[in-house]
1. So is residue 95 assigned by TED's automatic domain parsing to the domain that holds residue 40, loosely packed, with under 13 Cβ neighbours inside 10 Å and either in contact (Cβ under 8 Å) with a residue 12 or more places away in the chain or under 27 Å from residue 30 (Cα atoms) (or both) or not?
2. Tell me which residues, restricted to the stretch 42-71, are touching a helix residue (DSSP H, G or I) at 6+ places or on another chain (Cβ under 8 Å), of a type outside the set (A, V, I, L, M) and over 19 Å from residue 27 (Cα atoms).
3. Pick out the one residue from 122, 64 that is surrounded by 10 or more Cβ atoms within 10 Å (Cβ to Cβ), not small (Gly, Ala, Ser) and not assigned by TED's automatic domain parsing to the domain that holds residue 17.
4. Any residue in the stretch 5-23 that's of a type in the set (Asp, Glu): show its pairings with residues that are exposed (fewer than 11 other Cβ atoms within 10 Å of the Cβ) and not in a strand (DSSP E or B) at Cβ separation under 9 Å, as long as the two are six or more apart or on different chains.
5. Which of the following residues is surrounded by 15 or more Cβ atoms within 10 Å (Cβ to Cβ) and over 23 Å from residue 130 (Cβ atoms): 111, 78?
6. Quick check, is residue 37 modelled with pLDDT of 95 or more and hydrophobic (A, V, I, L, M, F, W, C)?
Amino acid sequence: MVENDNRITFLIQDFNGNYIGHIGFAGFRYDLNKVEIDSVLKGVKGGYPRMMEFALKTLIRWGQDVLEISHFDLEVIWNNNHAIRFYERCGFQSDYLIPLEKEELEDEIRWVACKDQREDAQMFYQHMTWKEV
């Protein structure tokens with residue numbers, strides 16, 4: 001269980017009740033009717049073609065109908081072509097790149113957004129916005 005009032009995560013089950021992935025929302029901005037797509041992961045390889053596409057489109061529809069959200073966006077590593085094509089199939093369009101810098105901690109390395117717009121960054125997030133189709 002994630003105790004975060006600004007995040008909703010749904011488990012995805014196959015027709016036999018087996019958990020095969022998860023998907024959700026994070027970073028709610030109710031004042032802007034906006035939310036970020038979060039935690040998109042199919043944890044079981046093979047089978048169930050287009051299941052994640054169905055799950056994402058269903059999540060967006062639920063967000064519109066129940067939460068009255070009209071703007072959906074996400075960030076994905078810029079060279080993850082498989083994921084970018086998946087999001088494009090689901091109605092997202094690439095907007096801009098967010099430069100990242102490596103942050104090294106004692107037992108962790110993570111990539112965080114640069115404080116300034118840098119062209120020489122080693123890594124980027126691709127920002128994508130959903131365009132209703």
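1. Against the criterion (assigned by TED's automatic domain parsing to the domain that holds residue 40, loosely packed, with under 13 Cβ neighbours inside 10 Å and either in contact (Cβ under 8 Å) with a residue 12 or more places away in the chain or under 27 Å from residue 30 (Cα atoms) (or both)), residue 95 does not qualify.
2. 42, 53
3. Selected residue: 122, the only one of 122, 64 that is surrounded by 10 or more Cβ atoms within 10 Å (Cβ to Cβ), not small (Gly, Ala, Ser) and not assigned by TED's automatic domain parsing to the domain that holds residue 17.
4. 14/47
5. Checking each option against the conditions leaves just 111.
6. yes
The values are calculated or read from the model by the stated rules, or taken from the named source; none is laboratory data. Keep in mind that this is a model prediction, so the values were computed, not measured. We place every Cβ from the backbone using ideal geometry, glycine too, and count neighbours over all the protein chains shown.
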